[in-house]
Amino acid sequence: MLDTVLALTDARLTLQGNAGPVDILRGITLDVARGETLGLVGPSGSGKSSLLMLMGGLERATGGSVTALDHDLTALDEDALARFRRLNMGVVFQSFHLIPTMTALENVATPLELAGRKDAFERAAEELRAVGLGARLDHYPSQMSGGEQQRVALARAAAPRPALLLADEPTGNLDGVNGQAIMDLLFGLRDRHGATLIMVTHSPELAARCDRVIRLADGLIEGEDRNTAARTPSGGPKAERAAE
């Protein structure tokens, strides 16, 4: 039986433009299973990033419903949404969004401190070491390459052990070598923590590693592809749970 962690039913997003209302998403119905890796693809302007923002409660649907982990995100006020995201979601953006006046360690630890974790700095250091930045804890974003900054962003997203990990073009600002490294780290974090991973991507290589790919066009789902070869490696969290 499908263990659904995220469900959208006729979800719509209409924003006000200079010339009047603009329909960004025109009725999206979609279920995402626990532990699944889902890729969102489509041409620019198709609604991929907007759909990801609805899933993460960063945009509020103007019609239909969005339910995550049995919480109706359309019914939560801004404070409740912020608490829900802090406890259950990790988000990685294309442009890193690191705080320039904070070190790598502080960038990762601060959200944990806000969530009330007493081991915030220990957990942050652990996650930074896991993405290969154990020697860069005290470096500021300006002292790191783009690939290193994206690794910090990944560590920050993964540190709370979120049930849902959302990524918007995580390799978009990186060269091929760094992009491949970030791909490997994303899927490694998923395997290590057992999170459901949803990502927007233009990268065919990244999409090919997902269990399922949703194709969008003009604010609607145009189709989907399932990749039976994209399975969690033996010994990952899903395999461990199946063996329990």
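The values are calculated or read from the model by the stated rules, or taken from the named source; none is laboratory data. Source: prediction; values computed, not measured. No Cβ is skipped: glycine too gets one built from the backbone with ideal geometry, and neighbour counts run over all protein chains shown. All accessible areas refer to the heavy atoms of the entire protein, side chains included, with ligands and DNA or RNA removed. Shrake-Rupley method; radii C 1.70, N 1.55, O 1.52, S 1.80 Å.
Does E127 meet the test of being out of contact with any strand residue (DSSP E or B) (no Cβ under 8 Å at 6 or more places or on another chain) and open to solvent by 60 Å² or more (accessible area, probe 1.4 Å)? So E127 fails the test. Regarding R60, is this residue of a type in the set (K, R) and over 19 Å from the mean Cα position of the chain (by Cα)? Spelling it out, it is not the case that R60 is of a type in the set (K, R) and over 19 Å from the mean Cα position of the chain (by Cα). Look at region 153-182: where a residue is open to solvent by 40 Å² or more (accessible area, probe 1.4 Å) and a partner is of a type in the set (D, E), sitting 6+ places away or on another chain with Cβ atoms under 9 Å, you get R156/E127; N178/E148; Q180/E205.
Condition check ((1) surrounded by fewer than 16 Cβ atoms within 10 Å (Cβ to Cβ); (2) assigned to a helix (DSSP H, G or I); (3) of a type in the set (D, E, K, R)) across all residues:
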| position | (1), (2), (3) |
| --- | --- |
| V22 | yes, no, no |
| S44 | yes, no, no |
| G90 | no, no, no |
| T101 | yes, no, no |
| R123 | no, yes, yes |
| G134 | yes, no, no |
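Just so you know, in region 200-222 the residues that are farther than 18 Å from V32 by Cα and without any contact (Cβ under 8 Å) to a residue 40 or more places away in the chain include one that is nearest to the chain's Cα centre (by Cα), and it is S203. Of all residues in region 54-79, exactly one satisfies the criterion of being surrounded by fewer than 17 Cβ atoms within 10 Å (Cβ to Cβ) and closer than 20 Å to D168 by Cα, namely R60.
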